[in-house]
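Read the structure below first, then the notes.
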Amino acid sequence: MSAKNQELQSATTKVLIVYYSYSGNTGKVAHEIHRIAGGDLVGIDPVEPYPGNYNAVVEQAKRELLTGYKPKIRVSVKNITSYDTVFVGSPNWWHTIAPPVITFLSESDMSGKTIIPFITHGGGGLGRSAEDIVALCPHANVLKSLSVYGADVKAAQQWMAANWPIQQ
Ligand SMILES: Cc1cc2nc3c(=O)[nH]c(=O)nc-3n(C[C@H](O)[C@H](O)[C@H](O)COP(=O)(O)O)c2cc1C
């Protein structure tokens with residue numbers, strides 16, 4: 001894409017970067033994406049924070065994912081309809097996206113939007129995250145996901161350099 005087209009795309013495309021991060025890795029990647037792509041950066045906060053104890057959060061997450069529980073969240077996206085492109089970030093929790101992100105996608109109308117998932121993980125890669133996002137957003141155009149081990153910001157930079165702006 002030429003520099004001029006790139007300018008045009010950034011002028012006409014409204015970008016949202018929305019993410020949940022329990023221990024900070026997904027947040028770091030989200031900030032890096034924001035630095036490169038611009039747009040609005042918004043964190044998802046569970047109303048009831050997850051326990052600080054690792055084993056406790058692992059057990060709670062397992063229970064929530066097995067039962068399909070959707071925790072209540074606070075998220076300050078004012079007008080989701082105004083965005084064309086939404087980067088959706090989550091840690092890989094039990095091979096899928098974290099329940100607060102499931103709540104967000106269930107409550108938001110993502111029809112017609114381009115979604116770019118970004119997932120940080122501890123070795124398991126994306127797991128089922130991409131498929132699960134597609135299932136939650138059946139009328140969105142879900143593009144290839146960015147998968148990052150831990151908070152490897154450099155890997156995120158390289159991925160963005162190869163994939164952003166989106167080639168039309
Ligand atoms: C509840 C829980 C479940 C997890 N399950 C997985 C998993 O199935 N596969 C994996 O690779 N990493 C797993 N992890 C590790 C996280 O995906 C990884 O540390 C991630 O980068 C954390 O992102 P955050 O710092 O934004 O919360 C899990 C972590 C937690 C807390």
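The values are calculated or read from the model by the stated rules, or taken from the named source; none is laboratory data. All values derive from a computational prediction rather than experimental measurement. No Cβ is skipped: glycine too gets one built from the backbone with ideal geometry, and neighbour counts run over all protein chains shown.
If you check 48, 7, 59, 32 for being over 20 Å from residue 155 (Cβ atoms), acidic (Asp, Glu), at pLDDT 95 or above and out of contact with any Pro (no Cβ under 8 Å at 6 or more places or on another chain), only one passes: 59. In segment 29-51, the qualifying residues are those that are within 11 Å of the ligand (Cβ to nearest atom) and over 12 Å from the mean Cα position of the chain (by Cα), and the one that is farthest from residue 90 (Cα to Cα) is 51. Within segment 105-118, count every residue that is within 16 Å of the ligand (Cβ to nearest atom) and in a loop (DSSP other than H, G, I, E, B). Looking only at that region, the number is 0.
If you check 121, 95 for being within 12 Å of the ligand (Cβ to nearest atom), over 14 Å from the mean Cα position of the chain (by Cα) and either at positive phi or crowded, with 18+ Cβ neighbours inside 10 Å (or both), only one passes: 95.
Would you mind stating whether residue 102 is of a type in the set (A, V, I, L, M, F, W, C), within 29 Å of residue 167 (Cβ to Cβ) and within 14 Å of the ligand (Cβ to nearest atom)? So residue 102 does not fit the description; no. Does residue 27 satisfy the criteria of being outside any helix (DSSP H, G or I) and surrounded by 14 or more Cβ atoms within 10 Å (Cβ to Cβ)? When the stated conditions are applied, residue 27 does not pass them.
Under 6 Å between Cβ atoms, which residue pairs at least 6 apart in sequence (or on different chains) link something in segment 61-73 that is in contact (Cβ under 8 Å) with a residue 60 or more places away in the chain with a partner that is more than 14 Å from the ligand (Cβ to nearest atom)? Short answer, once both residue conditions are applied: none. Please determine, by comparing only the residues of segment 79-102 that are out of contact with any strand residue (DSSP E or B) (no Cβ under 8 Å at 6 or more places or on another chain) and assigned to a strand (DSSP E or B), which one is farthest from residue 24 (Cα to Cα). Only one residue fits best here, namely 96.
Residues checked against (1) within 16 Å of the ligand (Cβ to nearest atom); (2) out of contact with any helix residue (DSSP H, G or I) (no Cβ under 7 Å at 6 or more places or on another chain); (3) modelled with pLDDT of 95 or more:
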position	(1), (2), (3)
125	yes, yes, yes
130	yes, yes, yes
136	no, no, yes
139	no, yes, yes
146	yes, no, yes
151	yes, no, yes
156	yes, no, yes
162	no, yes, yes
166	no, yes, no
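When you check residue 76 against the structure, is it of a type in the set (Ser, Thr, Tyr), exposed (fewer than 15 other Cβ atoms within 10 Å of the Cβ) and under 20 Å from residue 26 (Cα atoms), yes or no? Against the criterion (of a type in the set (Ser, Thr, Tyr), exposed (fewer than 15 other Cβ atoms within 10 Å of the Cβ) and under 20 Å from residue 26 (Cα atoms)), residue 76 qualifies.
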